[in-house]
Structures are given as C-alpha cells and as structure tokens.
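Since the structure comes first, as structure tokens, the remarks are kept for the end.
The values are calculated or read from the model by the stated rules, or taken from the named source; none is laboratory data. Just so you know, these numbers come straight off a predicted model, no measurement behind them. Every residue, glycine among them, receives a Cβ derived from its backbone with ideal geometry; neighbour counts consider all protein chains shown.
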Amino acid sequence: MSEAVHVGSGKVRELYALDDHRLLLVASDRISTFDVVLPTEIPDKGRVLTGLSGFWFARTQAIVPNHLLALRPDGRSMECRRLEMLPIECVVRGYLSGSGWKDYRSTGGVCGHALPEGLVESAQLPEPIFTPATKVQEGHDENITREQAAGLVGQDLFDEAERVSLALYRFAAEYAADRGIVIADTKFELGLDPAGRLTLGDEALTPDSSRFWPADDYAPGGGQPSYDKQFVRDFCESAGWDKEPPAPELPAEVVDGTRARYVEAFERLTGIEFDAYLAEPGVVLA
Ligand SMILES: Nc1ncnc2c1ncn2[C@@H]1O[C@H](COP(=O)(O)OP(=O)(O)OP(=O)(O)O)[C@@H](O)[C@H]1O
Ligand SMILES: [Mg+2]
C-alpha cells in the first residue's frame with residue numbers, strides 16, 4: 001500500500017489517507033468484548049463488517065448520502081470520502097437494553113425520552129428513539145441529553161442527524177425482521193462532506209455497531225443472547241476474567257463458532273453467500 005499514508009488505528013480499523021479527500025478504511029479481524037480487544041482474532045470478521053456496511057450503504061442512499069467510494073478486492077478495505085465527523089455518536093434504540101435499560105430503571109426514561117411505566121428489559125419501545133452519545137477516546141461512550149448534543153453540533157444539524165438516524169434504523173430494522181434478526185439498537189457516525197452535506201460514514205448496521213438478536217429466541221423480561229459475541233462473552237465469563245485488560249486467548253472452538261455466527265449474520269441479512277462476496281466484493285452493491 002505504498003500510495004497510502006497510515007493516519008490512525010481504531011479498536012477494529014486501520015485508517016490510511018489516499019489523498020486529501022479520500023480515506024482507506026481497513027477492517028481487521030480484531031474483536032473486542034466489554035470494550036477490551038482480545039488477543040485472538042476471528043478470521044474474516046473484518047470482511048463481514050465491510051461487506052455488510054457496503055450492502056447497507058448501497059440501499060440507503062435515498063435516506064442519506066454516504067462515504068463509500070469503492071470496495072477493494074480483499075473484501076475488508078473500503079475507499080471512502082473523507083468527512084469531518086460530528087463529535088457525537090448517533091445511537092438509535094428500538095428496544096430497551098444495555099445503558100438504555102439501566103437509565104430506564106433509574107429514571108423511568110432513556111436519555112430524557114419519557115417512556116411508559118412497567119417496561120421490562122429487552123422490551124420493544126413504542127417508537128424508536130434517538131439517544132446520542134459523546135465519543136470518548138478511552139473506554140465507554142457516554143450518553144448525553146438531546147440539549148447537550150444540540151449544543152455540540154448546533155440545533156439544525158442535530159435535528160437532521162436525528163431524522164436521518166431514525167429513518168436509517170427503521171429501514172434496516174424492518175429489513176432485518178423479515179430475515180429473522182432483531183436490530184435492538186445501532187450506532188451511526190455522521191459527518192459533513194466538503195460541501196457541508198450531512199453524510200453517513202464509518203461502518204453501518206453491522207454486528208459491531210449494533211445489537212443483533214436472533215428473532216426466534218427473542219423473549220423480553222431479561223437479557224438476550226447476542227447474535228455474534230455470545231460464545232466469546234460466555235467463554236470470558238466462564239474463564240473468570242475480570243474484564244480488565246489483558247483479555248484471555250480464545251480456544252479454537254470459540255473462534256470457529258464466532259466466525260460462523262458473523263458469516264451467518266452476513267448471509268441472512270444480505271441473502272448473499274459469503275463465498276460469493278469473497279470472490280467478488282462488489283456483489284453486495286448490486
Ligand atoms: N469518512 C470518514 N472520514 C473521517 N473519519 C472517518 C470516516 N469514516 C470513519 N471514520 C473514523 O474512522 C475510525 C474508525 O475506526 P474504528 O471503528 O476502528 O475505531 P473506533 O470507532 O475508535 O473504535 P470502536 O468502533 O471500536 O469504538 C473512527 O474514528 C471513525 O470516526
Ligand atoms: Mg468504530
């Protein structure tokens with residue numbers, strides 16, 4: 001990659017600048033759980049994330065333009081337009097889980113959204129809600145109120161980010177429901193292109209940016225098994241890991257089981273065989 005300059009590493013992606021206006025986002029096979037990157041990789045996980053993002057980008061352009069320019073033949077690298085990212089994470093929740101459930105139990109609402117009484121953990125919300133968070137370099141992202149988020153990006157941009165995020169979530173949740181997957185919640189990263197247009201960046205609607213639950217096993221009233229990371233979480237719990245780095249190495253059966261779940265999520269959602277994607281990544285864009 002002699003033409004590209006390495007400009008950063010996230011927990012999962014390596015970022016390269018191709019020129020002043022274009023980035024190459026390379027999704028590695030790294031996996032994190034409880035916000036800690038594990039020492040063991042899940043083969044092809046990065047390809048699943050890049051392929052799924054490409055699939056959704058190709059289908060949501062009528063809702064909002066996105067940063068995708070091209071998928072590279074390796075299936076894990078995405079050429080994209082460089083954006084000025086908004087300083088908020090655009091989270092949409094359709095179900096009560098994670099920090100949303102915690103917030104509901106202590107305040108009766110989520111991030112300032114009033115909700116009916118008596119909802120149980122993992123319950124579907126009457127309507128999807130927009131619950132922005134701040135980006136925190138180290139550790140967990142922090143939920144903020146609508147007012148705080150509007151203060152960070154300005155009221156007009158906040159309103160547009162909310163409208164676009166809800167529309168993206170509704171589209172994808174309906175699509176996934178028909179394929180046996182509940183998208184409980186998801187996080188978008190939006191930015192501005194050089195013309196100042198709001199544009200969808202990063203990854204979108206992947207198992208890493210969303211909570212996917214198998215619809216067949218959905219049972220509100222407690223936590224739900226995660227579609228993709230359950231083997232890893234169960235193993236880490238059974239190994240007695242204290243959730244502080246370093247995380248334990250994963251045994252082969254946990255790696256294989258997890259890889260199979262990522263591939264299954266890809267195939268269920270896209271209706272495309274993963275091998276067909278490996279042979280020609282462009283199939284997800286058709
Ligand atoms: N089009 C874009 N222009 C500029 N920056 C982008 C664009 N798309 C994504 N990014 C940034 O690239 C990075 C992607 O890397 P990665 O997902 O590994 O990191 P992370 O988001 O810090 O970690 P995690 O997703 O595990 O919380 C993020 O910082 C994201 O905001
Ligand atoms: Mg990320």
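Structure above, values below:
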| item | result |
| --- | --- |
| Where a residue in the stretch 67-81 is closer than 14 Å to LEU18 by Cβ and within 16 Å of ligand 2 (Cβ to nearest atom) and its partner, wherever it lies, is of a type in the set (Val, Ile, Thr) and assigned to a strand (DSSP E or B), with Cβ under 9 Å and at least six apart | HIS67/THR199; SER77/VAL26; MET78/VAL26 |
| Failed item, numbered, when ALA62 is tested on (1) closer than 21 Å to GLU174 by Cα; (2) touching a residue at least 12 places away in the same chain (Cβ under 8 Å) | (2) |
| Any chance PHE231 is in contact with a helix residue (DSSP H, G or I) (Cβ under 9 Å, 6 or more places away or on another chain), within 29 Å of TYR104 (Cβ to Cβ) and outside any loop (DSSP other than H, G, I, E, B) | yes |
| Lone unmet requirement of (1) closer than 30 Å to GLY222 by Cβ; (2) surrounded by 18 or more Cβ atoms within 10 Å (Cβ to Cβ) for ARG82 | (1) |
| Selection status of PHE188, modelled with pLDDT of 95 or more and under 13 Å from VAL92 (Cβ atoms) | yes |
| Residue selected from the stretch 1-29 under the condition under 13 Å from THR50 (Cα atoms) and away from ligand 2 (no atom under 11 Å from the Cβ), by the criterion surrounded by the most Cβ atoms within 10 Å (Cβ to Cβ) | LEU24 |
| Lone unmet requirement of (1) more than 22 Å from GLU273 (Cα to Cα); (2) assigned to a strand (DSSP E or B); (3) not aromatic (Phe, Trp, Tyr) for ALA70 | (1) |
| Identity of the residue in the stretch 124-143, closer than 13 Å to TYR104 by Cβ and crowded, with 20+ Cβ neighbours inside 10 Å, that ends up modelled with the lowest pLDDT | ASN143 |
| Subset of the stretch 193-217 that is over 30 Å from ALA123 (Cβ atoms) and near ligand 1 (Cβ under 10 Å from one of its atoms) - its residue that is surrounded by the fewest Cβ atoms within 10 Å (Cβ to Cβ) | ASP193 |
| Subset of the stretch 1-20 [within 12 Å of ligand 1 (Cβ to nearest atom) and among the hydroxyl-bearing types (Ser, Thr, Tyr)] | SER9, TYR16 |
| Condition met for ALA123 (away from ligand 2 (no atom under 16 Å from the Cβ), touching a Leu at 6+ places or on another chain (Cβ under 8 Å) and over 20 Å from ASP35 (Cα atoms)) | yes |
| Residue within the stretch 142-163 that is in contact (Cβ under 8 Å) with a residue 24 or more places away in the chain and within 16 Å of ligand 2 (Cβ to nearest atom) present | no |
| Of all residues in the stretch 215-231 being at pLDDT 95 or above and among the hydrophobic types (A, V, I, L, M, F, W, C), the one that is nearest to the chain's Cα centre (by Cα) | ALA215 |
| All positions within the stretch 73-112 that are within 18 Å of VAL164 (Cα to Cα) and either among the basic types (Lys, Arg) or assigned to a strand (DSSP E or B) (or both) | GLU84, MET85, ILE88, GLU89, CYS90, VAL91, VAL92, ARG93, GLY94 |
| Any pair with Cβ under 6 angstrom, 6 or more apart, that starts in the stretch 168-179 at a residue that is more than 13 Å from TRP213 (Cβ to Cβ) and ends at one that is surrounded by fewer than 21 Cβ atoms within 10 Å (Cβ to Cβ) and at pLDDT 95 or above | LEU168/THR60; LEU168/ILE63; TYR169/PRO128 |
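Yes/no matrix, rows are residues, columns are (1) buried (at least 17 other Cβ atoms within 10 Å of the Cβ); (2) free of Cβ contacts under 8 Å to residues at least 24 places away in the same chain; (3) outside any loop (DSSP other than H, G, I, E, B):
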position	(1), (2), (3)
GLY222	no, no, no
PHE235	yes, yes, yes
LEU250	yes, no, no
ALA260	no, yes, yes
ASP275	no, yes, yes
